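Q: I'd like to ask some things about the structure below.
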Amino acid sequence: MEQEALSPYMIHYAYAQGVFPMTMENGEIGWFAPIERALFPIEGIRVSKSLAKTIRQERFEMRFDTAFEQVMRGCLRPDDNWISEQFIQVYTEVHHQGWAHSVETWREGKLVGGLYGVAMGGAFCAESMFHRETDASKVALWAAVNKCRSLGFSLFDAQIMNPHLESLGAFEMPQGQYLVLLERAMRQLNPWSQQSPYI
């Protein structure tokens, strides 16, 4: 895609085409459509014995949409960072419109992990996650997939595969096949996507 100003409309338009933005080293917005798309089964992530124990012990308090901007800022990295202040402003605006969401893990009143993403019809496009305590982001991902399944989502997009996502049960699919599933999912609506002004 040509260089365009990042806006809620552009996010919706791009995601509907299977494209997502990242901030480049020069500060410009790059738009990407990977050859292979990473997805999580909507049935749930792969839960190891240690993660199952953490979930069973209810070590973290789960919240949804109570600290969206804090979650985005938690995802900032010291180096090789693709989230900019512009990203935070625009995605937070999308959140206020009602179709970007955060899944949060809290412990003793402190945000210790979470993820955020965009709801497009029946597809949830997860953007990034972070943790400040062991298993905090994994529990957030576990809760996010379960929440999406309960709301009627059919697609949970993780964008680009890495070893960490693969260890949690993510799988790859050719972009062309992903676009077929995305087009089908975009015809669906649920409480996390129906407030979008672009449908």
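Each value in this text was obtained by applying a stated rule to the coordinates, not by laboratory testing. Given the structure is predicted, the values throughout are model-derived calculations rather than measurements. Reconstructed Cβ throughout: ideal geometry from the backbone, glycine too, with neighbour counts over all protein chains shown.
Q: Quickly work out the residue 86-to-residue 110 label distance, labels modelled 7 Å from Cα along the C-beta direction, and quote it in nm with one decimal.
A: My value for the distance between the label points is 3.4 nm.
Q: Per DSSP H run of n ≥ 4, the term is -39500 (n - 2.57); total these for the chain, divide by its residue number, and report the mean residue ellipticity at 222 nm rounded to 500 deg cm²/dmol. Present the calculation step by step, with values, prior to reporting the outcome.
A: Working: 7 runs with 69 residues, N = 199.
Value at 222 nm, helices only: -10000 deg cm²/dmol.
Q: Let me ask you something else. What nm value, rounded to one decimal, do you get for the distance between residue 173 and residue 76 when each label is placed 7 Å out toward the C-beta?
A: About 3.4 nm, to one decimal.
Q: Assuming 0.36 nm per residue, please report the length gained on full extension of the stretch residue 97 to residue 57 beyond their Cα-Cα distance.
A: 10.9 nm
Q: Right, here's the next one. Starting from the 7 Å offset along Cα-to-Cβ, what nm value, one decimal, do you get for the label separation of residue 150 and residue 134?
A: The answer from the label model is 2.7 nm.
Q: Rank these for me by crowding, 104, 127, going from fewest to most other beta carbons within 10 Å.
A: Lowest to highest Cβ neighbour count: 127, 104.
Q: Taking only C-alpha pairs under 8 Å that are 6+ residues apart, what is the relative contact order of the stretch 35-185 in percent? Before the final figure, lay out the partial values.
A: Details: 265 pairs, mean separation 54.2, N = 151.
Relative contact order of the stretch 35-185: 36 percent.
Q: Using a 10 Å cut-off on Cβ atoms, rank the peptides 63-75, 128-140, 21-33 from the highest mean neighbour count down.
A: 128-140, 63-75, 21-33
Q: Among 182, 75, 192, whose Cα lies farthest out toward the positive end of the dipole of the chain, if unit charges sit on the beta carbon of Lys, Arg (+1) and Asp, Glu (-1)?
A: Checking the options against the dipole of the chain, the answer is 192.
Q: Okay, next question. How high is the FRET efficiency between residue 188 and residue 26 when r is their beta carbon distance and R₀ equals 30 Å, given to the nearest 0.05?
A: 0.20
Q: Something else: Given a Förster distance of 22 Å, report the FRET efficiency between residue 64 and residue 7 from their Cβ-Cβ distance, rounded to the nearest 0.05.
A: The calculated FRET efficiency here is 0.35.
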